[in-house]
Amino acid sequence: MSLIRENTDDVITSLLSSGNEQGIRLLYRYYADTMYGIIHRILPVEAEAREVLNDVFLKVYDNIAYYDASKSKLFTWMARIARNAAIDKTRSANYKMNKSIQNIDHNIEAQAQNYEAVIEDSGMTRLINALDEDLKSIIKLIYLEGYTQQDCADKLQMPLGTVKTKTRRALMLLRESLKGEGMAYLFMTPGMMHLLHKMISA
Amino acid sequence: MDIKAYIASGILEQYVIGALSDREMAEVELMMQQHEEVKKEIEAIEAGYESLSRAFAQKTPIKEDEVVRYVREKATLKMNPPSSGLSKWWPILPILGLGILSATFYISLDQSKKDLVKSQEKYATLSQNCEEISRENTILKERLLFVTSPESRVVILKGTALSKDAFATVVVNEEQQKIYLASNGLPAPPTGKQYQLWALKDGTPIDMGVFDVSGENLIEKSGIPGAQAYAITLENSGGSPTPTLEQMYVTGS
């Protein structure tokens, strides 16, 4: 499975490098919803999240020459771009002018509740619910909402060192659980398999 | 450096999600290159982060085509359309076009060459014809001058009792010492026979040679100075030393 995934990343990368439109299409089919999740949790206003998502695809396309497969997976590289683009948007003058910090906090809370519902539905529910409250919060803030460790420490009123340790523990625990649960099925949706089959046979 | 402590510091998680400064990222990448353990750990974090993100994916409100259009409009590097059967072949289209063009030119050139050969042949024929006509014309002019010369005299030879309708014309020019004979008024001679022209000078017939009846052309013969009259007899092929008077067709002076 991981071999196929890596090959898929290679195919997408080489298509993008040669300026082939199909590269963007495959990138969209593989990563658009995941990236939109990352962006939308940071930017609750849909119009802004849409704008940033478009820009993320543009940035990936324009900067594909700087992507180094030996350093990271395509997902990681793109997720960094998405996260940072969304955070930059919240720091933009325009954004600050339009919304007070309270509003953002309010929106993030609303959003947090919103994906609480998603968690209920997904196979991840049990895994995350099995974590203690601190780890659950850290997972949400650090990995899903783009908080820095410092901001997370401030919000949860924890020492920075504790946050650092827990950041690691939270993901480690999840990883272990994922292995046990065989969460690889997350990648094996019928659409994904169809696409993979198409690409391999192409 | 204590690698386990480094891994436990939480910096790698920050690295993966992109929460580090460029300088810190470069440091982590250096560690990753130097320590296989660090690299393995980062890969594991990447996998965990991706799983988590996928589990919390949200349906994007943007359609695929919209994204493609956006990137195509704004991209610094020009984007190509998706590869199709045609675009796979487009690089050889100019070559193909050139090939067709060359073939067309070749065929057209070949045709032109054939046309040229035909034209040259036709030109040669026409040119030859023209030369002949020109030569004929010169002869005719010469003859016209001969006939219309004040020194020339036209002698009409009239048919005898043997052949009343027959006639011939002799144009004589003493100065040029030659005569022209128009034989188109004579009946066609039987097989084995030929007409023979005679000049009569002081009552003596002088042989001027045999000739074949020719419709249009004048027959040229050397003149007999002082000849008073002319006659044509029908003789055996090759002619006779003396005229067969019974076979005299025309005569005149």
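Annotations for the structure displayed:
- For a straight C-alpha distance cut-off of 28 angstrom, the lysines reachable from B:K122 (same-chain residues fewer than eight places away being disregarded) are B:K113, B:K114, B:K141.
- Cα-Cα separations in chain B greater than 34 Å, expressed as whole percent: 64 percent
- Coarse-grained scattering of the range B:96-246 at q = 0.16 Å⁻¹, given as base-10 log I(q)/I(0) from a Debye sum over alpha-carbon atoms: -0.93
- Table column - 3J(HN,Hα) (Hz), the range B:145-159, Karplus curve with 6.51, -1.76, 1.60, x for Gly and Pro: 4, 4, 5, 8, 5, x, 7, 8, 9, 9, 10, 8, 9, 9, x
- Signed unit charges on C-beta, dipole axis of the range B:91-162, positive-most listed residue B:L144, B:Q111, B:Q128: B:L144
- Exposed loop sites here are trypsin sites (Lys or Arg not before Pro) assigned a DSSP state other than H, G, I, E or B and surrounded by at most 12 other beta carbons within 10 Å; excluding them, the longest clear run of chain B is B:165-253.
- In summary, the convex hull built on the alpha carbon positions of the range B:1-106 has an orientation-averaged projected area of 13.1 nm².
- Volume per residue for the range A:1-78 equals 91 cubic angstrom (convex hull of Cα atoms).
- Phi angles of the range B:59-74 translate, via the Karplus equation with coefficients 6.51, -1.76, 1.60 and θ = phi - 60°, into HN-Hα couplings of 4, 6, x, 9, 7, 3, 4, 5, 5, 4, 4, 4, 5, 4, 5, 9 Hz per residue; Gly and Pro are given as x.
- Using θ = phi - 60° and Karplus 6.51 cos²θ - 1.76 cosθ + 1.60, couplings along the range A:51-64 (whole Hz; Gly, Pro as x): 4, 5, 4, 4, 5, 5, 4, 4, 5, 4, 5, 6, 10, 4
- Between the beta carbons of B:Q33 and B:L96, assuming R0 = 41 Å, the FRET efficiency works out to 0.25 to the nearest 0.05.
- The length gained on full extension between B:R143 and B:Q120, counted as 0.36 nm times the residue separation minus their Cα-Cα distance, comes to 4.9 nm.
- By the rule of a C-alpha distance below 15 Å, with chain neighbours fewer than 8 residues away ignored, the aspartates and glutamates paired with B:K178 are B:E142, B:E151, B:D207, B:E220.
- Cross-link table A:K89/B:K74; B:K4/B:K59; A:K89/A:K140; A:K140/B:K59; B:K158/B:K221; A:K164/B:K63, entries beyond 30 Å C-alpha to C-alpha: B:K4/B:K59; A:K164/B:K63
- Counted by Cβ distance under 12 Å from B:T233, the other residues give a net charge of -2, where Lys and Arg count +1 and Asp and Glu count -1.
Bear in mind that the values in this text are calculations on the coordinates, not laboratory data. Keep in mind the model is a prediction, meaning the values are calculated, not measured. Methodologically, a virtual Cβ is constructed for each residue, glycine included, from the backbone with ideal geometry; neighbour enumeration extends over all protein chains shown.
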